[in-house]
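Quick note: the coordinates plus some simple rules give every number you see, no bench work behind them. Everything numeric here is computed off the predicted structure, so don't read it as measured data. Here the Cβ positions follow ideal geometry from the backbone for every residue, glycine too, while neighbour counts run over all protein chains shown.
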Amino acid sequence: MRRSLFRRLVFIFLAITVTLTVTASIWLSRFFAGYFIEQKQKELLAQASWINALAEDYQAGRLSNPEFKKFIELIGYTSNARVYVVSVRSETVSELEARMPSGLIEQDLLREVEQVLRGETVQSRRFVSALDMPVVFVGTPLLSGEKVTGVILMLAPLTVIKDSLAAVNRVLWYSSLCIIAAAVVVIFAVSRRITRPIADMSRAAARIAGGDYTQAVAVPGRDEIAQLARSFNIMQKKLHEMENMRQELIASISHELRTPLSSIRGFVQAIREGVAKPEEQPHYLDLVLDETTRLIGLVNDLLELARIQAGAVQLIYANFDLAVLITEVKETFTLPATEKSLSLTAEVQPVPLWVNADRDRIKQVLLNLLSNAVRYADRGGTVHIEAKRGSGGAIISVTDTGSGVPSEELSRIFEKFHRLDRSRDSATGGTGLGLPIAKQLVALHGGSITAANRTDMPGLSVSFSIPENAGCLKEQDQAVKARR
Ligand SMILES: Nc1ncnc2c1ncn2[C@@H]1O[C@H](COP(=O)(O)OP(=O)(O)OP(=O)(O)O)[C@@H](O)[C@H]1O
Ligand SMILES: [Mg+2]
């Protein structure tokens, strides 16, 4: 592909350069040819008027015949032309012919001479067979006052002009060759400069397809191709990151699945092989049931996350009162809170606190945050839900009196499967998908979620916002935000 693009560019540039140069040279050469002939004719006309003046002197007796002839010879010699000065008594051609080279008028100049005898000046460029050469011809009447008394015919061979023209043409062709040679060098350099980064990128793309993300493409200059190369490198980096994330995710999922699956297998094996005593069997089966429930929860959470990230979740916007929703969610946790002797409180300002959002999804976020707070709060502590109107929307926070999260981990708890204490997994039952799901759902609404440790005492506070105009956000924006 690269070779052909390179070749095509070189071919097109070369074709244009050669065509333009050759056309310009031909045009210039023609122009000079015309110009030289015109100059020659002007020169001959000037000489003719000289001859006319001399002829007057001759007729008036101020010049002798040999002197007059000498002058005419001299003029013919300096202007490199044949000069015929012929006087006639009556204006007929036949009388002229007797004194001219044989056939000159008869064959070649009959019409012109007739015109001259009528008093006109004639110029032409023609082949004269009597002299066997191409000439520049000028004919003017020989005048005595107003009366035509003869003709002055001047014929300059074209060979004189041809020599000068050949010299001009040589210069033209040499300079054309030089221009083309210089153009070839520039064209090769430019074409290579254009095609090389493209070829590099195509090789890099092939490497990426083969799973190698290591080599970046060179970014020469600041033009569009450099911009493309820069974007290409960014894309490669992003792809690399995504590939790493994918690998990590697969590793995490496999790990998360393997642990409960192997304990299920252990319990089932114990029962099947009679290792577990009959009275222990119900307990083992309960454990198997717990693990399977957890597995189903895990798979459901994963599916939910995948659906959100694929943009397959459509929010159903409605106006609802946050105070009512918070009471509802709070009631769900009454039992687990009492079991841990937690006091569960809520404060909503103002009441009612209307928001425009997907009620079920916001409920899901609240459930996830509350389940964390209840799970990680110390026995006998408090869990407090607060909702208020902030700048540009509603702000909801869930605060507990647990041990909080080390500050360097604060942003990471929103990553999939990220848990602080992995050894507590089975005891607490967490899989590390609650916060990532909450984050995605909040992002779908165009809001944001943050976690911060309490300043007054140990404990965590997680806050999220629901923008006022959430319902007006375009679906596309939501999908884009969710994927980030
Ligand atoms: N209120 C909290 N107090 C202390 N640590 C917390 C709190 N909320 C979350 N965390 C930490 O962040 C981690 C991630 O929370 P997340 O809700 O994503 O997962 P999980 O609660 O472990 O499992 P899941 O919610 O999927 O059942 C938790 O494992 C925990 O270590
Ligand atoms: Mg959780």
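Could you let me know the centre-to-centre spacing of the range 305-340 and the range 220-299, using Cα atoms, in angstrom? Their Cα centres are 25 Å away from one another. Put in line by how crowded their Cβ is, counting other Cβ atoms within 10 Å and starting with the fewest, 83, 168, 186 read 186, 168, 83.
Take the Cα of residue 207, step 7 Å toward its Cβ, do the same at residue 45, and the gap between the two points is 7.5 nm.
Subtracting the Cα-Cα distance from 0.36 nm times the residue separation, let me have the gained length for residue 300 to residue 31 in nm, one decimal. Don't skip to the end; give the middle numbers.
Details: separation 269, 0.36 × 269 = 96.84 nm, distance 8.64 nm.
So the extension gain works out to 88.2 nm.
Angle of helix 322-332 to the longest C-alpha principal axis of the chain, folded into 0 to 90 degrees and rounded to 10: 50°.
Projected onto the charge dipole of the range 193-306 (+1 at Lys/Arg Cβ, -1 at Asp/Glu Cβ, origin at the Cα centre), which of 284, 202, 254 gives the Cα projection farthest towards the positive end? Value computed over the given set: 202.
Distances between placed amide hydrogens fall under 5 Å for residue 348 paired with 387, all partners being 5 or more residues away or on another chain. Full extension of the segment from residue 131 to residue 222, taken as 0.36 nm per residue of separation minus the current Cα-Cα distance, would add 25.8 nm. Restricting the GluC sites (Glu not before Pro) of the range 369-414 to loop positions (DSSP other than H, G, I, E, B) with no more than 13 neighbouring Cβ atoms within 10 Å leaves nothing. Calculated from the alpha-carbon coordinates, the range 2-163 shows an Rg and a Dmax of 22.9, 88 Å respectively. With each label modelled as a point 7 angstrom along the Cα→C-beta vector, the residue 259-residue 179 pair spans 7.9 nm. log10 I(q)/I(0), Debye, Cα-only the chain, no solvent, q = 0.08, 0.11 Å⁻¹? For the chain at q = 0.08, 0.11 Å⁻¹, log10 I(q)/I(0) is -0.74, -1.00.
At full extension, residue 285 and residue 5 could sit 93.8 nm farther apart than now, given 0.36 nm per residue minus the alpha carbon distance. Qualifying GluC sites (Glu not before Pro) in the range 197-301, where qualification requires a DSSP coil assignment and no more than 13 other C-beta atoms within 10 Å, comprise 273, 279, 280.
For residue 137, the shell of other residues with beta-carbons less than 11 Å away shows a net charge of +2, using +1 for Lys and Arg and -1 for Asp and Glu. Each other residue within a Cβ distance under 15 Å of residue 14 adds +1 if Lys or Arg and -1 if Asp or Glu, for a net charge of +3.
Any idea what the dipole of the chain comes to, in debye rounded to 20, about its Cα centre with Lys/Arg Cβ at +1 and Asp/Glu Cβ at -1?
Rounded to the nearest 20 debye, it is 1040 debye.
When 330, 40 are sorted by how many other C-beta atoms sit within 10 angstrom of their C-beta, beginning with the fewest, the order is 330, 40. Seen against the Cα atoms of the chain and their longest principal axis, helix 359-376 is set at about 50 degrees. Here the simple spin-label model places points 7 Å from the Cα toward Cβ, and for residue 321 and residue 53 these points are separated by 12.1 nm. By the count of neighbouring beta-carbon atoms within 10 Å, fewest first, 69, 147 end up ordered 147, 69.
Suppose only helical runs count, i.e. DSSP H with n ≥ 4. What mean residue ellipticity at 222 nm does that imply for the chain under -39500 (n - 2.57) per run, divided by all residues and rounded to the nearest 500 deg cm²/dmol?
It comes out at -19500 deg cm²/dmol, rounded to the nearest 500.
For the range 213-352, a crude dipole built from +1 on the beta carbon of Lys and Arg and -1 on the beta carbon of Asp and Glu, taken about the Cα centre, is about 580 debye to the nearest 20.
Please give the helix 65-78 orientation as an angle from the longest Cα principal axis of the chain, in degrees from 0 to 90, rounded to the nearest 10. Once rounded, one gets 20 degrees.
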